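Notes follow once the structure below has been shown.
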Amino acid sequence: MVKIIILLIFINFTVYGSTKDIDKEISEAWKYYEQGKFIKMEKISREILEKSLKLKYPKGIAEGYYYLGVAYYSMGNLRKALEYANKAIEYSEKHNNYRWKSYAYTLAGEILRSLHKYDDAMKNFKKVLQIIKENKNKRMLPAAYSNIGNIYFEKGNYKKAAEFYRKGLIIGKDIKIRKSYIALNSYNLGLSYYKQKNYTGAINYLKEASDIYKELGDKKSYISSIFYIAKSYIKTGDYKKAYKILKENYRIAKEIRASRMYFRTLKKLEEQIGSF
């Protein structure tokens, strides 16, 4: 299942002098994250935190803790990541900035999810949802619902997972959120239906996801969506339709080195079709 985590740049306030320099470093830290340069991100985030603590600059302190948590999470050091996520939570609770709280609790939730501590992760994600609803920020709701859906999915409660993915999808479409988020929620919702053996529902949402991924040029996610569409057709006994869709997309699967699972499924389908 595709994972997702809220990693957004905080609101920029107008600041002067040294705090303005810190804001520039915060932007640099984010660029390092986007470039996958997590060691550099960790180094500059530590500098941000140290300078901000000396200047008693709340924004720099909150983001310093948060960015350090993100850097360590991205490098796979979950213990250190959780340490800084908790510091970000503790600091944000002392200030009246709901975005700081939302990002900090979300990060902690993602780390706990990676540690398979699902009940603790759920508490964090539900806290985020509560904060967002209280502050009426509709644009943050799709990701909040998706994160809760992910926990239900990984615990095997596919019905509840679908309920939250659907909420995120409906709101996302209503506010015209970016297409990649629509595709992700559609994909996860389709996969939830597949797990519930509701193959018609699975095909509908996976088709929606695959169309968007194709438009965006995200071949990996497109091929994954197509593969589960084919598997859904197989489950309904429509082997010819499954074979056709896999055959049509085999070249793309080969491009992203996912052809092995396609090839094996195609061979099995050829045997099934040939037996009729």
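Provide the per residue accessible area, probe 1.4 Å, for the chain, rounded to a whole number of square angstrom.
Working: 14440 Å² over 276 residues.
So the chain comes to 52 Å² accessible per residue, rounded to a whole number.
Among (i) 20; (ii) 11; (iii) 28, which one is percent of Cα pairs over 34 Å apart computed from these coordinates?
(iii)
Checking the a/c ratio against 1.5 first, then a/b against b/c, what shape does the Cα gyration tensor give for the stretch 205-275?
oblate
Quick check: at a probe of 1.4 Å, how many percent of the accessible area of the chain sits on carbon and sulfur atoms?
C and S atoms contribute 50 percent here.
Please identify, among Phe153, Phe125, Phe263, the residue showing maximal mean-square fluctuation in a Gaussian network model of the chain using a 10 angstrom Cα cutoff.
Phe263
Quick one: length gained pulling Lys123 to Lys268 fully straight, 0.36 nm per residue minus the C-alpha distance? Don't jump to the answer; show the numbers that get you there.
Values: separation 145, 0.36 × 145 = 52.20 nm, distance 4.36 nm.
Length difference between fully extended and current span is 47.8 nm.
On full extension of the chain, what length is gained from Glu134 through Thr236, given 0.36 nm per residue of separation minus the C-alpha to C-alpha distance? Display every interim value, and only then the final one.
On the way: separation 102, 0.36 × 102 = 36.72 nm, distance 4.39 nm.
Going from the current span to full extension adds 32.3 nm.
Please report, in debye to the nearest 20, how large the charge dipole of the chain is about its Cα centre when each Lys and Arg carries +1 at its beta carbon and each Asp and Glu carries -1 there.
Dipole of the chain, to the nearest 20 debye: 620 debye.
Residue separation times 0.36 nm, minus the C-alpha to C-alpha distance between Arg251 and Glu163: what's the value?
Here the segment from Arg251 to Glu163 would lengthen by 28.2 nm.
Determine the dipole magnitude for the stretch 205-275: charges of +1 sit on the beta-carbon of Lys and Arg, -1 on that of Asp and Glu, nothing else is charged, the reference point is the Cα centre, and the result goes in debye to the nearest 20. Show your work: numbers first, answer last.
On the way: 17 positive and 9 negative charges, 64 e Å.
Dipole size: approximately 300 debye.
PRE reach from Asp21 (point 7 Å along Cα→Cβ): which of the stretch 40-82 fall under 12 Å by backbone N?
Only 48, 51-52, 55 fall inside the zone, counting backbone N under 12 Å.
Given contacts defined as C-alpha pairs under 8 Å and at least six residues apart, what's the relative contact order of the chain, whole-number percent?
10 percent
The values are calculated or read from the model by the stated rules, or taken from the named source; none is laboratory data. Predicted, not measured: the structure shown is a model, and the values here were computed from it. Note that each Cβ is placed from the backbone with ideal geometry, even for glycine, and that neighbours are counted across all protein chains shown. For accessibility, only protein heavy atoms count, side chains too; no ligands or nucleic acids. Shrake-Rupley method; radii C 1.70, N 1.55, O 1.52, S 1.80 Å.
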